[in-house]
Amino acid sequence: MLWGGSNGGLEVRTSAGGATVLRGRFPYSVPTTLQGGRERRREVFQARAFGTSLADGGDVHLLVHHDFDRPLASRAAGSLDLTDDDDALTFEARISPELVDVSHVRDFLGTLRAGLVKGISPGFRVPQGGDLVKRDGDGLIRVVRSADLVEISAVTKPAYPAAQVEARSWQVSGVSAPNTAIARKRWRA
């Protein structure tokens, strides 16, 4: 699974009844630099990249730092709403007062209130044909046109982890690499 990242915004509110509501957004059409240097690599999500995935009604979780052992909400539980539009993937999660007593939720809310958790990072898979890699004057750019959303996480540093870069295909569309294993090794840090 791959991860994305954005400082698109994370908002928290607590109701008089003790429920906590989290809202966030992962903006589209905002390129992210995954690797600088001579052969710069960037990635951008097209508008509604998660639309097909969300329309199938499958379960998606809101997690703390991509950890399925630290869930906050889910579509199946009825505590997570997701919207995919031209500007962003947005979510609203409702954390019940009972869940606030769970240690990882209490810890998460504490770090959120302290300003240590600010970013949104989707966990996704790109189906075959769901992306396009092209070369421009700034290096390579991967355009994600369609992706299957597995989870979305609240994170301290919304960035694409270096370990995940090698899992992405960086072959320019229409050009075949003679030996992709050699190319992957060349890109590892």
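The values are calculated or read from the model by the stated rules, or taken from the named source; none is laboratory data. Because the structure is predicted, anything quoted here is derived from the model rather than measured. FYI the Cβ positions are ideal-geometry reconstructions off the backbone, even for glycines, and counts take in every protein chain you see.
Observations
- Single residue of 43, 98 found to be among the charged types (D, E, K, R) and touching a Phe, Trp or Tyr at 6+ places or on another chain (Cβ under 8 Å): 43
- For region 130-149, residues that are over 21 Å from residue 60 (Cβ atoms) and touching a residue at least 12 places away in the same chain (Cβ under 8 Å) total 10.
- Among (1) out of contact with any Lys or Arg (no Cβ under 9 Å at 6 or more places or on another chain); (2) in contact (Cβ under 8 Å) with a residue 60 or more places away in the chain; (3) surrounded by fewer than 21 Cβ atoms within 10 Å (Cβ to Cβ) - the single one residue 74 does not satisfy: (2)
- Residue count for region 31-44 satisfying the condition of being surrounded by 13 or more Cβ atoms within 10 Å (Cβ to Cβ) and either closer than 13 Å to residue 84 by Cβ or without any contact (Cβ under 8 Å) to a residue 60 or more places away in the chain (or both): 1.
- Any hit, region 157-165, residues being at pLDDT 50 or above, surrounded by 12 or more Cβ atoms within 10 Å (Cβ to Cβ) and of a type in the set (D, E, K, R): yes
- The listed residue being within 18 Å of the chain's Cα centre (by Cα), over 30 Å from residue 33 (Cβ atoms), of a type outside the set (Phe, Trp, Tyr) and at pLDDT 90 or above, out of 131, 69, 85: 69
- Flag not set for residue 86, criterion: touching a helix residue (DSSP H, G or I) at 6+ places or on another chain (Cβ under 9 Å) and of a type in the set (Asp, Glu).
- Near pairs, Cβ below 7 angstrom, 6+ apart or cross-chain, from region 96-115 (surrounded by fewer than 11 Cβ atoms within 10 Å (Cβ to Cβ)) to any residue that is charged (D, E, K, R): none
- Checked against the criterion of being modelled with pLDDT of 90 or more, more than 16 Å from the chain's Cα centre (by Cα), surrounded by fewer than 18 Cβ atoms within 10 Å (Cβ to Cβ) and of a type in the set (Gly, Ala, Ser), the candidates 55, 47 yield just one match: 55.
- Complete set of residues in region 45-71 that are aliphatic (A, V, I, L, M) and without any contact (Cβ under 8 Å) to a residue 24 or more places away in the chain: 55
- Of the residues making up region 106-140, those that are farther than 30 Å from residue 11 by Cβ and not charged (D, E, K, R) are 127, 128, 129, 132, 133, 137, 139, 140.
- Annotation: of all residues in region 13-29 being part of a loop (DSSP other than H, G, I, E, B) and exposed (fewer than 14 other Cβ atoms within 10 Å of the Cβ), the one that is modelled with the highest pLDDT is 29.
- Which listed residue, of 41, 70, is over 25 Å from residue 128 (Cα atoms) and of a type outside the set (A, V, I, L, M, F, W, C): 70
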